[in-house]
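Visitor: One structure, pasted below without further comment.
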Amino acid sequence: MKAVVVDISGRHKMGDGRYWLVCVAVSAVLSPFEVQKIEDIKIVRHASDDLSVETIADLIKRACAKFGGTIVAEPGEFYNYPEWRVEAILGRKFKYAESVGERKAIEVAHHVSLAAHRMLHGTG
């Protein structure tokens, strides 16, 4: 399955009272149990005064724009909204991670987003 797996780091206020978000989109080919191939990774940085669904959706849209495939995320990224609602917000196919391969790909995206956030903002 071709997928675009996303993760966002920085969902806490920094010293200036803003949220400094880092979204990572990993374009990958997944099997039910493995990440078969990582084709590309895009990192998008964004400063925001809020963490609304609209802010998160816009950030994910920007990160995923150049990649084809179903967007896959953890339920927490979209505040546990139903998949059909997230699809409507994003305007493209979306699902929450279910398989081991999807969860492993999310782990890759998470490590990249956390490392990038720490590097850019001197935390950790």
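Every number here is computed from the coordinates shown, using simple stated rules; none is lab data. Here the structure is a predicted model, which means the values were calculated and not measured. Note: ideal-geometry Cβ built from the backbone for every residue, glycine included; neighbour counts use all protein chains shown.
Visitor: When you scan region 45-62, do you find a residue that is surrounded by fewer than 20 Cβ atoms within 10 Å (Cβ to Cβ), touching a helix residue (DSSP H, G or I) at 6+ places or on another chain (Cβ under 8 Å), within 15 Å of H117 (Cβ to Cβ) and without any contact (Cβ under 8 Å) to a residue 40 or more places away in the chain, even just one?
Guide: yes
Visitor: Still on this structure: Within region 70-118, count every residue that is part of a loop (DSSP other than H, G, I, E, B) and crowded, with 19+ Cβ neighbours inside 10 Å. Write out each step before concluding.
Guide: Of all residues in region 70-118, those part of a loop (DSSP other than H, G, I, E, B) come to 74, 79-82, 91-93, 97-99.
Of the ones still in play, those that are also crowded, with 19+ Cβ neighbours inside 10 Å are 97.
So the count comes out to 1.
Visitor: Across region 76-100, what is the total count of residues that are more than 19 Å from K2 (Cα to Cα) and touching a residue at least 24 places away in the same chain (Cβ under 8 Å)?
Guide: Within region 76-100, the first condition is being more than 19 Å from K2 (Cα to Cα), and the residues that meet it are 76-82, 84-85, 88-89.
Those still in the list that are touching a residue at least 24 places away in the same chain (Cβ under 8 Å) too: 77-79, 81, 89.
So the count comes out to 5.
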